[in-house]
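**Q** After the structure tokens below, expect a handful of questions from me.
The values are calculated or read from the model by the stated rules, or taken from the named source; none is laboratory data. Worth saying up front: this structure is predicted, and the values here are computed from it rather than measured. Don't worry about glycine lacking a Cβ; one is built from the backbone with ideal geometry, like all the others, and counts go over all protein chains shown.
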Amino acid sequence: MALVRLDKWSRGLRNVIAAGTVLVVTLAFLPLREFLTPTEVALTLLLVVLFASTLFGSTSGLVASVAAIACFNFFFLPPFHTFNISGPENWIAFGTFVITALISGQLSGYARRQAEESEARKVEIERLYQELRGAFEQASEAEALRKSEKLKSALLDAVTHDLRTPLTSIKASVTTLIEDSREKLLDGESRQEFLDIIEEETDRLNEFIEGMVGIAKVEADAMGLRLRPASVEEIIGNAVERAKRAVSRRTVRVEIPPEITDVYADAASISEVVFTLIDNAAKYSKDGTTIAISAIPSADEVLLIVQDQGCGIDPAMRERVFDKFFRTKEQDIHRTGSGLGLGLAIAKGIVESQGGSIRIEDGDGAFVTKFVVRLPLSVDVGGNDRTTPSAKTAATPPS
């Protein structure tokens, strides 16, 4: 009820303003009456009616037109100060005012309705856009969740297999040794064989766990690296020494020029990278083949190169092999010692965190696969030593 009253009051106020405007214009023109023709006054009042109708609607326009014809007739048509609308010119003027008020009011109302409808359409389009955007976001989230679940499922399958296989071997070997401790059926050589199996599979489990921890450290930038001048000979020598068991049935050829310059890096972690490349070369090449390790100096960097005569890596896959948990068909998860597919991802993270890079190329001559690690000779860190924020002491990253 209050809103109805307010609306009526508002309409009444608009009508008063329309009529008042006509009166103000009339009073302004009144002193100039003898200098103005009735046509000029009529046209001016007609403009007032037009504006009133446009601004306030048809009703206010009609009120303004009645006020205009009254003022025009009373003040500007002789005899002055009397109402006389008997002549045809008065009826024509009155009709003109009324028609102008109605037409302009209708046009104004139509324009306002169009503007309101346009605004309403704009609001509706914005609402629909937001709904569509929300739907896309929900779809993206659903797709991301689906992919995440798929990845977790694949990771769980991989981890389950790679953990269960060594655990099964360890369990079987330990059970056999426990039973033999009571029945004494195995000779010394057989017992040693079971102990060797336990040792190998335990090392394998340890590598898996360290791999998972290592990739987590790389992603969290928590390797705890100490960058300083490091000997290339020592880096490669330590990696080759550690890989002795893996390359025992292969020929290892190391070529390091005597004039090689120290690199600016964390020696322990880069040695770990070289070991990973040698270990991969041994896994995917046959017995009796050659693994070549070399270092090539240049003006501002040193290239560490590991080449093998294995099965090779398709050029289309050479970038992807550095992704987490990625394997080519040749690196089937069920192959013995295939791992989780984290070694190269960790190696890339280690090298790039020290300003270097790692890539795969075609091998030279008889070699098939060539891993190239680029390490800078110096890094502008404002001093001779730098420790990453996550640690104050050197740390050897996991394989």
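**Q** Could you list, in sequence order, the residues of region 161-194 that are within 18 Å of residue 205 (Cβ to Cβ), of a type in the set (S, T, N, Q) and surrounded by fewer than 15 Cβ atoms within 10 Å (Cβ to Cβ)?
**A** Residues satisfying the conditions are 168, 175.
**Q** Identify the residue in region 352-377 that is surrounded by fewer than 21 Cβ atoms within 10 Å (Cβ to Cβ) and of a type in the set (A, V, I, L, M) and, among all such residues, is farthest from residue 291 (Cα to Cα).
**A** 377
Here's the yes/no breakdown for (1) at pLDDT 75 or above; (2) under 60 Å from the mean Cα position of the chain (by Cα):
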site	(1), (2)
3	no, yes
16	yes, no
20	yes, no
36	yes, no
41	yes, no
52	yes, yes
59	yes, yes
70	yes, no
91	no, no
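**Q** List the number of the failed condition for residue 347; all other conditions in (1) modelled with pLDDT under 90; (2) part of a loop (DSSP other than H, G, I, E, B) hold.
**A** The single condition residue 347 does not satisfy is (2).
**Q** Here are the criteria: (1) at pLDDT 80 or above; (2) over 36 Å from the mean Cα position of the chain (by Cα). Tell me which single one residue 336 does not satisfy.
**A** Answer for residue 336: the failing condition is (1).
**Q** Something else: If you take the residues in region 34-64 that are among the hydroxyl-bearing types (Ser, Thr, Tyr) and farther than 23 Å from residue 115 by Cβ, which one is surrounded by the most Cβ atoms within 10 Å (Cβ to Cβ)?
**A** 44
**Q** Please work out which one of (1) without any contact (Cβ under 8 Å) to a residue 24 or more places away in the chain; (2) under 33 Å from the mean Cα position of the chain (by Cα) is the condition residue 270 fails and give its number.
**A** (1)
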